[in-house]
Amino acid sequence: MYLPHEEWLDETKGLELVKGFAHVLKEEGFPVQYAGDSMACIWYKHIYQAAMSEKKKHLDEGWYIPEYTVQQRELLAAELRKFASEIDGTRPGDEQLKGILIRYSDEF
């Protein structure tokens, strides 16, 4: 299972990630004490609010925001697409990884 960083803060995808991760943990024998509606509360309080607090702190402190040249962005996007094309789909999660790589390349 992949847990893309960018999806953790999305109101729909983030909650689905938490639910999916809890399901995997439960299947593997780890104790999972919360389910259903309480997952939304856990996601909001412990993931979303915490991340937004950090983001605000970084913006308030004037943290460096990386910038890329056009050539650097094109190279990064091309290499991500190349890597995605090399994934043969034989391992569990390969299709999910390909989707993540293609989405990242499109965002450049």
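The values are calculated or read from the model by the stated rules, or taken from the named source; none is laboratory data. What you are looking at is a predicted structure, and each value in this text was computed from that prediction instead of being measured. Positions of Cβ are generated from backbone atoms using ideal geometry, with glycine treated the same way; all protein chains shown enter the neighbour counts. With ligands, DNA and RNA removed, areas are computed over all heavy atoms of the protein, side chains included. Shrake-Rupley method; radii C 1.70, N 1.55, O 1.52, S 1.80 Å.
Working from label points 7 Å from Cα in the Cα-to-Cβ sense, the Y68 to E86 distance is 1.7 nm. Relative contact order of the chain, taken over Cα pairs closer than 8 Å and 6 or more residues apart, is 25 percent.
In the context of the full set of protein chains, the chain has a per residue accessible area of 77 Å² (1.4 Å probe).
Dividing the helix sum by the residues of the chain, where each DSSP H run of 4 or more adds -39500 (n - 2.57), gives a mean residue ellipticity at 222 nm of -19000 deg cm²/dmol. If a spin label sat at a point 7 angstrom from the Cα of V32 along the line to its beta carbon, the backbone N atoms of the range 1-22 nearer than 18 Å would be those of 1-4, 8, 12-22.
Tell me the carbon and sulfur percent of the accessible area for the chain, rounded to whole percent, probe radius 1.4 Å.
Ligands and nucleic acids excluded, carbon and sulfur give 57 percent.
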